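The values are calculated or read from the model by the stated rules, or taken from the named source; none is laboratory data. Keep in mind the model is a prediction, meaning the values are calculated, not measured. Positions of Cβ are generated from backbone atoms using ideal geometry, with glycine treated the same way; all protein chains shown enter the neighbour counts. These area figures cover heavy atoms from the full protein model, side chains too; ligands, DNA and RNA do not enter into them. Shrake-Rupley method; radii C 1.70, N 1.55, O 1.52, S 1.80 Å.
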Amino acid sequence: MKKEYLQIDKVVGPLIQISDVDDVFYGEVVDIVEISTGNIKKGKVIKIEEKNVIIQVFQNTAGLAAGNSIIKFTGEAFNLPMSLDLQGRIFNGIGQPIDNGSDIFSLVEANINGRPINPMSREYPRNFIQTGISSIDTLATLIRGQKLPIFSGNGLPHNELAAQIVRQARLGDNVNEEFGVVFAAIGVKHDDEKFFRKSFDEANVMDRVVMFVNYADDPIAERVTTPRCALTAAEYLAFEKHMHILVVMTDITSYCEALREISSAREEVPSRKGYPGYMYSDLASLYERAGMLKDQVGSITFLPILTMPNDDITHPIPDLTGYITEGQIVLGRDLFQRSIYPPVAILPSLSRLMKDGIGEGFTRGDHAEVANQLFASYSKVQEVRDLSQIIGEEDLSPTDKKYMAFGRAFEAQFLNQGFDEGRNIIESLDLGWQLLSLLPLTELDRLSPENIDKYFPKKA
Amino acid sequence: MAVKQENKAKGIISAINGPVIKGKNMTSFKMREMVTVGEQRLIGEVIVLEGDIGTIQVYEETEGLKTGQEITPTGRPLSLKLGPGMLKNMFDGIQRPLEKIQELSPIFIPEGIGLLSIDDKKLWSATLTVKPGDLLLAGSSFGTVQETQVIKNRLLVPPNLSGTVVSVVPDGEYTIEDALVTIRDAKNELHELKMAHEWPVRTPRPNAYRRETLVPLITGQRVIDIFFPIAKGGTAAIPGGFGTGKTMTQHQLAKWSDADIIVYIGCGERGNEMTEVIEDFPKLIDPRSGKSIMERTVLIANTSNMPVAAREASIYTGITIAEYYRDMGYAVAMMADSTSRWAEALREISGRLEEMPAEEGYPAYLPSRIAEFYERAGSIETLGGDDGSITIIGAVSPAGGDFSEPVTENTKRFVNVFLALDKSLAYARHYPAINWLESYSGYIKILSDWYEDNVAPDCITLRNKMLELMYEENKLQEMVMLVGEDVLPDDQRWVLEIAKIIKVGYLQQNAYNKDDTYVPLEKQYAMLKAIEYLYERGREGLKLGIPTSQLKNVDIFSQFIKMKYTIPNDDLSGIETLKDEIDQYYEVLFKKYEN
Ligand SMILES: Nc1ncnc2c1ncn2[C@@H]1O[C@H](COP(=O)(O)OP(=O)(O)OP(=O)(O)O)[C@@H](O)[C@H]1O
Ligand SMILES: [Mg+2]
């Protein structure tokens, strides 16, 4: 029989401190029962010092006071029941159903913290996923099992882009391989959550989606568990049930802010901008759960979305994310303001895994060269634009004028595409060649003569 | 070395805070002693002792630990077992083989698996080179084992032992735990020598003396070998924001550099990157040995989601393994990707200890830890009288890509080569994105003799000249950004044209191209020499008043840009042909203008 405690010494933000406690373990889950109503809040032991214990509460701590609640130690770590029945269901940030459906019953339980995958057990991801979006497929190719975040800003269409990817991307190799979506909303507006729900409906995948939702007005502390619950479900479906899972998670920025709040309640020494020094490791404990395993079907492809405060890519949240993920898709405000959708800023965007997933046998033999050339030429466009700002477009050299034309066409035709428009990779590559042919051949130093022979549009 | 553990007092856990725990009743424990903690016997190390209270950093997940559980001493500091069986293997931060962990738990790494180390069941074919009566000094060799196809493990007397050989087993098959030689030391005590011996990770292994480093580590990467060379036994840092190419550069060095042994530490980085190494390295053939490069490689992986205390230890595990092979007389190159994650692990532990932070939350001892680490590099004479060296190449991941943060700044103080990666080069897909203006090598002077003797007498002069041209180009570009290129005089435009060839045709080196990924020094030199030739011939034309637009022959220029792909690494005759073409073209052109 586990002991119960009545005395709360201190409540600081999402943390409570109790004393004179015996026989609890680090990470143990506690139930905090409000005596008057019988309402149960959940929490977790995050520090033990002699007989003093600090508990992080996942619900609102308002109203908690000495004497009005009973604290029960459950003797369990934070486990969730796992089953295929998770699919089609909606849960809150600590894994309780919020869709009026029944509880999940299963003998299989998993600890939401997960454990590190042994690098020996991983399979290096190499399979191209066609998203139907030219900029991504050609220049920042998504690979099955990759963690590829979308770096966005407030008001930019990251939700639309994620929804379009969910709708258009083909995850599995063939019909036998099951796929599914795990969606985690962390501190999002009700509208945003509705938007995703509607897009899943439209994409006809609702019965394959597991949703974990923590709304903007839900407790902060629950934001820390929301992604962990979601990834635990994803790991179960991918590695035990051998499905190809796409995890969409928004907004990592809310997650990090919650971390910061808890850290400051714990009076920890902050590092940059008040975020805790362990934020890198903490984010890694989420992102690294993506991947594939050797000799078995199933994968977790991870698309976290984050809004960069002030559109600043050097802010700790995008910065630490970029250091962990396998590239990033960056959205640009200037493109957005010029009505280009999706406003993918290709130069800072990168897919580190694309090298092994493109080319002959995956996409097409010229893919790497076309991508390289588009990057090189478009980066030259930026230089020429800077120059034309100073001396005027009229006074540019003839070659530079061609760069200006190429830049405009590239943005209008290649980057820009419809929310409902899917282009296959061959169409995208051909379009790339078409646009490159606006430049003099002598400028195209990343293309080999063989590919130029084969693909360069012949002028009529 | 069996310690009677039962007799030593056990500690009692009194506080738990993430990877840091406290214990009571620890008066008999020693500082830096390795301990096991709790029912699962998690592995930890004593990092503070105050009265009977001890603080321990735990190398495994601490979820599930309770106060009141036992802390058991092991009687020795955190140590590695050094012996054959490390090459071709991947270990976690405290030298536990990930392959063995996988046998115990197929997918995820659980806690409480205990102390595993190199295989003690495997039989190795040992050749013993000593006989009774021989005097064996500390660090000398008493036999050999062919550890992999390319590396002979020279069985070493531990650095803290010496004596006269009493008995020797015959050559044959033994495990690392079998006694092979018995020696009698000066105090008349007998010691058994085995293939493996233990060594504490935080104590540098001794050597006879340090010497100057006079030979470069040849990497096959043009921007490094020609412009910013690293000496064998030297130190280098590769700082850069995310996605600028630190790992790619480290992988390139691990694959192609001409060290005998590679120790690669994935310190707080991605799991997939270690998987990639495991999948790719065995398939790559070392141009020197003709065998797979995995045959000379030891991997250490503490990925970013593994326990942070083991990240702190992983760097020491790596360098100790490097020193072990150095002591056999090998040139070892060690890559640490990324040292920033190690520094952050220090910061996290320090934070949990509630130490007074210095800059950005890092502990005040950060600079001294960085210095101590890089000081374990060097060219030395081993105790056994051989030449050995350790070259350390550390990646640095500055927060926000800003080089003025504490880890980059302090690293810069203690390394001699600085390969600064540049975000804007990476955005333009100029790879490797090593910024030639910000990078430097402090080894140019001491290595110039080597380059002049082994590559070409004018190699360093050529390098300096071309680097100056790049500096000039940078100044000119600033002007171009203000007024456009057309207004520049022709001699300056010619500099811009040549600089473009150097950038695209020379400094850019595609790691994914099968020929360009590794380029022999002769070709590196010949390519740059050819560019200089074009530059000088063009300047003759400028004197005749020929405009840059005429001097720039599109066909020749495109051949220059592509010569890295079109001229085979083992047949440089194409470069002479290219020079002939330049001569032919300019002869005709100059004639026109001479009249
Ligand atoms: N020499 C090269 N040749 C071709 N591509 C390169 C080269 N160097 C870097 N790249 C490209 O840059 C990408 C990022 O490189 P890398 O993963 O090494 O960055 P990093 O600096 O280690 O980033 P992080 O700090 O996030 O780990 C690679 O995936 C590759 O596409
Ligand atoms: Mg890296």
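Looking only at the stretch B:331-364, residues that are more than 16 Å from ligand 2 (Cβ to nearest atom) and on the phi < 0 side of the Ramachandran plot come to 21 in all. Among the residues of the stretch B:134-169, those that are more than 16 Å from B:LEU82 (Cβ to Cβ) and among the hydrophobic types (A, V, I, L, M, F, W, C) comprise B:LEU135, B:LEU136, B:LEU137, B:VAL150, B:VAL165, B:VAL166, B:VAL168, B:VAL169.
Counting only strands (runs of 3 or more DSSP E) that fall entirely inside the stretch A:1-50 and contain at least 1 residues that are within 13 Å of another protein chain (Cβ to nearest Cβ), the qualifying elements are A:29-34, A:40-49.
If the requirement is being in the same structural domain as A:MET211 (by the TED database), among the acidic types (Asp, Glu) and more than 30 Å from B:PRO110 (Cα to Cα), which of these qualifies: A:ASP85, A:ASP191? Just one listed residue meets the conditions, A:ASP191. Scanning the stretch B:481-510 for residues that are at the interface with chain A (Cβ under 9 Å from one of its Cβ atoms) and open to solvent by less than 10 Å² (accessible area, probe 1.4 Å) gives B:GLY484, B:GLY505. Looking only at the stretch B:299-309, decide whether some residue is closer than 22 Å to B:GLY234 by Cβ and in contact with a Phe, Trp or Tyr (Cβ under 8 Å, 6 or more places away or on another chain). Checked against the condition, which is being closer than 22 Å to B:GLY234 by Cβ and in contact with a Phe, Trp or Tyr (Cβ under 8 Å, 6 or more places away or on another chain), the stretch B:299-309 yields at least one hit.
Please verify whether the stretch B:317-330 includes one or more residues that are away from chain A (no Cβ under 12 Å), closer than 30 Å to B:PHE403 by Cβ and either part of a loop (DSSP other than H, G, I, E, B) or within 13 Å of ligand 2 (Cβ to nearest atom) (or both). No, there is no match, as no residue in the stretch B:317-330 is away from chain A (no Cβ under 12 Å), closer than 30 Å to B:PHE403 by Cβ and either part of a loop (DSSP other than H, G, I, E, B) or within 13 Å of ligand 2 (Cβ to nearest atom) (or both). The listed residues are B:THR391, B:THR408, and the only one of them that is within 16 Å of ligand 2 (Cβ to nearest atom) and among the hydroxyl-bearing types (Ser, Thr, Tyr) turns out to be B:THR408. If I filter the stretch A:263-283 down to residues being farther than 21 Å from B:GLY400 by Cα and modelled with pLDDT under 90, which single residue comes out as nearest to the other protein chains (Cβ to nearest Cβ)? Once the filter is applied, the top-ranked residue is A:GLU268. Can you pull out the residues in the stretch B:295-315 that are surrounded by 22 or more Cβ atoms within 10 Å (Cβ to Cβ), over 19 Å from B:ILE101 (Cβ atoms) and either within 14 Å of another protein chain (Cβ to nearest Cβ) or among the acidic types (Asp, Glu) (or both)? The one that is surrounded by 22 or more Cβ atoms within 10 Å (Cβ to Cβ), over 19 Å from B:ILE101 (Cβ atoms) and either within 14 Å of another protein chain (Cβ to nearest Cβ) or among the acidic types (Asp, Glu) (or both): B:GLU312. Scanning the stretch A:249-286 for residues that are among the aromatic types (Phe, Trp, Tyr) and part of a helix (DSSP H, G or I) gives A:TYR255, A:TYR280.
Of the strands (runs of 3 or more DSSP E) entirely within the stretch A:131-217, those holding at least 1 residues that are under 21 Å from A:ALA258 (Cα atoms) and open to solvent by 10 Å² or more (accessible area, probe 1.4 Å) occupy A:179-188, A:209-215. Of all the residues in the stretch A:321-339, those that are more than 10 Å from ligand 1 (Cβ to nearest atom) and either within 12 Å of chain B (Cβ to nearest Cβ) or in contact with a strand residue (DSSP E or B) (Cβ under 8 Å, 6 or more places away or on another chain) (or both) number 5. Against the list (1) closer than 16 Å to A:THR325 by Cα; (2) charged (D, E, K, R); (3) more than 8 Å from chain A (Cβ to nearest Cβ), the condition B:ARG270 fails is (3). Please verify whether B:ARG41 is under 23 Å from B:TRP199 (Cβ atoms), free of Cβ contacts under 8 Å to residues at least 24 places away in the same chain and more than 10 Å from chain A (Cβ to nearest Cβ), treating the condition exactly as stated. No; evaluated as a whole, the condition is false for this residue. Restricting attention to the stretch A:100-149, which residues are among the charged types (D, E, K, R) and within 14 Å of another protein chain (Cβ to nearest Cβ)? Hits for the stretch A:100-149 are A:ARG115, A:ARG122, A:GLU123, A:ARG126, A:ARG144, A:LYS147.
Scanning the stretch B:344-374 for residues that are in contact (Cβ under 8 Å) with a residue 60 or more places away in the chain, in contact with a Pro (Cβ under 8 Å, 6 or more places away or on another chain) and more than 9 Å from chain A (Cβ to nearest Cβ) turns up just one, B:ILE349. The number of residues in the stretch B:228-251 that are open to solvent by less than 10 Å² (accessible area, probe 1.4 Å), within 13 Å of ligand 2 (Cβ to nearest atom) and under 19 Å from B:LEU521 (Cβ atoms) comes to 0. Scan the stretch A:56-75 and tell me whether some residue there is within 20 Å of A:ASN39 (Cα to Cα), within 14 Å of chain B (Cβ to nearest Cβ), over 22 Å from the mean Cα position of the chain (by Cα) and surrounded by fewer than 21 Cβ atoms within 10 Å (Cβ to Cβ). Looking through the stretch A:56-75, at least one residue is within 20 Å of A:ASN39 (Cα to Cα), within 14 Å of chain B (Cβ to nearest Cβ), over 22 Å from the mean Cα position of the chain (by Cα) and surrounded by fewer than 21 Cβ atoms within 10 Å (Cβ to Cβ). When B:LYS523 is tested against (1) open to solvent by 10 Å² or more (accessible area, probe 1.4 Å); (2) among the charged types (D, E, K, R); (3) away from ligand 1 (no atom under 16 Å from the Cβ), only condition (1) is not met. Pick from the stretch B:404-431 the residues that are assigned to a loop (DSSP other than H, G, I, E, B) and within 12 Å of another protein chain (Cβ to nearest Cβ): which of them is nearest to ligand 1 (Cβ to nearest atom)? Out of the qualifying residues, it is B:TYR431.
Rundown of residues vs (1) of a type outside the set (Ser, Thr, Tyr); (2) in a strand (DSSP E or B), yes/no style:
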residue: B:TRP342; (1), (2): yes, no
residue: B:GLU354; (1), (2): yes, no
residue: B:SER368; (1), (2): no, no
residue: B:ILE392; (1), (2): yes, yes
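In the stretch B:300-341, of all residues being within 14 Å of ligand 1 (Cβ to nearest atom) and of a type outside the set (A, V, I, L, M), the one that is nearest to B:GLU375 (Cα to Cα) corresponds to B:THR339. From the residues in the stretch A:364-388 that are more than 10 Å from chain B (Cβ to nearest Cβ) and open to solvent by 20 Å² or more (accessible area, probe 1.4 Å), which one is nearest to B:GLN508 (Cα to Cα)? Filtering first and then ranking leaves A:GLU369.
The residue of the stretch B:93-130 that is nearest to the other protein chains (Cβ to nearest Cβ), among those that are over 21 Å from B:SER304 (Cβ atoms) and small (Gly, Ala, Ser), is B:GLY112.
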